[in-house]
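First up is the structure itself, then whatever we jot down about it.
The values are calculated or read from the model by the stated rules, or taken from the named source; none is laboratory data. Here the structure is a predicted model, which means the values were calculated and not measured. Note that we place each Cβ from the backbone using ideal geometry, even for glycine, and neighbour counts take in every protein chain shown. Areas reflect the complete protein model, heavy atoms only, side chains present, ligands, DNA and RNA absent. Shrake-Rupley method; radii C 1.70, N 1.55, O 1.52, S 1.80 Å.
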Amino acid sequence: RCRFHHDNQHDAHGTRLSMVALTPGDESGEIGYGPLFRSLNTVSSVLSIGGCLLVIGAFLAFPALRRYFARLVLYLAISDLWLCTSFLMGEFESPHYTKCVVQSMLGIFFGLSSILWTVAIADSIRRIVMARDLTVESRHEKRLHIGCWGLPLLALGLVLVLGATGSSGMICWIENSALGTVLRLATFYLPLWLAIAYSLWVYWCVSQRLSHLLDESSNADEYEGTAFEYHKDLERQRRSLRLMMLLPLILVFCWSPSSLRRLLDVVFPHMGRSILDYVCVFTGPLQGFLNALVYGSTPAVRDAITGRFDHGAAKLKGLKSQLRMLRRKRKKFQNFE
């Protein structure tokens, strides 16, 4: 969703501008996309879809991974999954208007919900670490569902009522028009920029507090176990918090190039193609993949997966032992005969 103005095409109605293209327009005003652009978009989208499916599969396979933060990551993965699916749908031209509308609806709804669920994770970390509010699961999860699904639904309804869906470059999203520009800012870019600012603020505040928090809240004298186990558990909690803090930063990493490109469009309306366009088209859909990498590195996920493998290995070892015993009994029976 990198934006820039391509070469102006003057007609009787004024200037035609392309606000959402990933490459400059040609003299006829048509948008051209090279194979590298499409390949970068496809690769990053497929990686993210695979990562999201792994997160969803882990949630379904391991009951231990169905706690509060794991559920937030699940909702974020669902949003990223459908957002990247819309990226993979490609371009639709008339008479495929219905397909274009479907792609636009997926991009509008799940693009905003992905931002909001990332903010929900950052805010939950802030509440637990800074405010020491341990009631986030019981008091705030329902509110998060209302906000993180309800606001995108309102945004989608607004765009549909105003009839602003349409081709916006390499995909269908919000159409290229003055109204479409306002709606893009209201339904995607302004929430995105606020989310980036809030995520950076939370990361800075929590980082300052994290080094002292667990030491203050934990007492080695009350711990049931050895000193080694106590320090190991303390380090495990630190690692989990640090990794969860990276999830909001992934949003910053993935969408900062597109935000910078959009700001450059305002300052330099006639800016042509640059390396930043290629960065935008690759990093934008990559959020689901990076989220899956970070989430898979948390101690809880690794323990659940390795525990399942260890259990399977133990069962296989037991089965082999039983087979060896059966062979011995059979051999003894044959000798007896």
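Annotations for the structure displayed:
- For first residues located in the range 132-146 and touching a residue at least 12 places away in the same chain (Cβ under 8 Å), partners that are surrounded by 13 or more Cβ atoms within 10 Å (Cβ to Cβ) and lie 6+ apart or on another chain with Cβ distances below 6 Å form the pairs 136/124; 136/127; 137/68; 144/120.
- Looking only at residues of the range 251-278 that are of a type in the set (Val, Ile, Thr) and either surrounded by 23 or more Cβ atoms within 10 Å (Cβ to Cβ) or modelled with pLDDT under 90 (or both), we find that the one that is farthest from residue 88 (Cα to Cα) is 267.
- Complete set of residues in the range 88-124 that are modelled with pLDDT under 90 and either in contact with a Pro (Cβ under 8 Å, 6 or more places away or on another chain) or aromatic (Phe, Trp, Tyr) (or both): 92, 97
- Yes/no for residue 311 being surrounded by 10 or more Cβ atoms within 10 Å (Cβ to Cβ), at pLDDT below 80 and within 30 Å of residue 49 (Cα to Cα): yes
- Which numbered condition residue 143 fails, given (1) farther than 22 Å from residue 121 by Cβ; (2) open to solvent by 50 Å² or more (accessible area, probe 1.4 Å); (3) modelled with pLDDT of 90 or more: (1)
- Taken as a whole, the structure leaves residue 104 outside the set of residues that are in contact with a helix residue (DSSP H, G or I) (Cβ under 6 Å, 6 or more places away or on another chain), farther than 19 Å from residue 137 by Cβ and open to solvent by less than 30 Å² (accessible area, probe 1.4 Å).
- Test: residue in the range 130-138 that is surrounded by fewer than 18 Cβ atoms within 10 Å (Cβ to Cβ), in contact with a Lys or Arg (Cβ under 8 Å, 6 or more places away or on another chain), at pLDDT below 90 and assigned to a loop (DSSP other than H, G, I, E, B): yes
- Filter pass, residue 118 being part of a helix (DSSP H, G or I), of a type in the set (Val, Ile, Thr) and exposed (fewer than 15 other Cβ atoms within 10 Å of the Cβ): no
- Just one of the listed residues (48, 39, 124) is among the hydroxyl-bearing types (Ser, Thr, Tyr), open to solvent by less than 70 Å² (accessible area, probe 1.4 Å) and either touching a His at 6+ places or on another chain (Cβ under 8 Å) or at positive phi (or both), namely 124.
- Restricting the range 139-171 to residues that are small (Gly, Ala, Ser) and in a helix (DSSP H, G or I), the residue that is farthest from the chain's Cα centre (by Cα) is 157.
- The set of residues in the range 56-82 that are touching a Phe, Trp or Tyr at 6+ places or on another chain (Cβ under 7 Å), at pLDDT 90 or above and open to solvent by 10 Å² or more (accessible area, probe 1.4 Å) comprises 70, 74, 75, 82.
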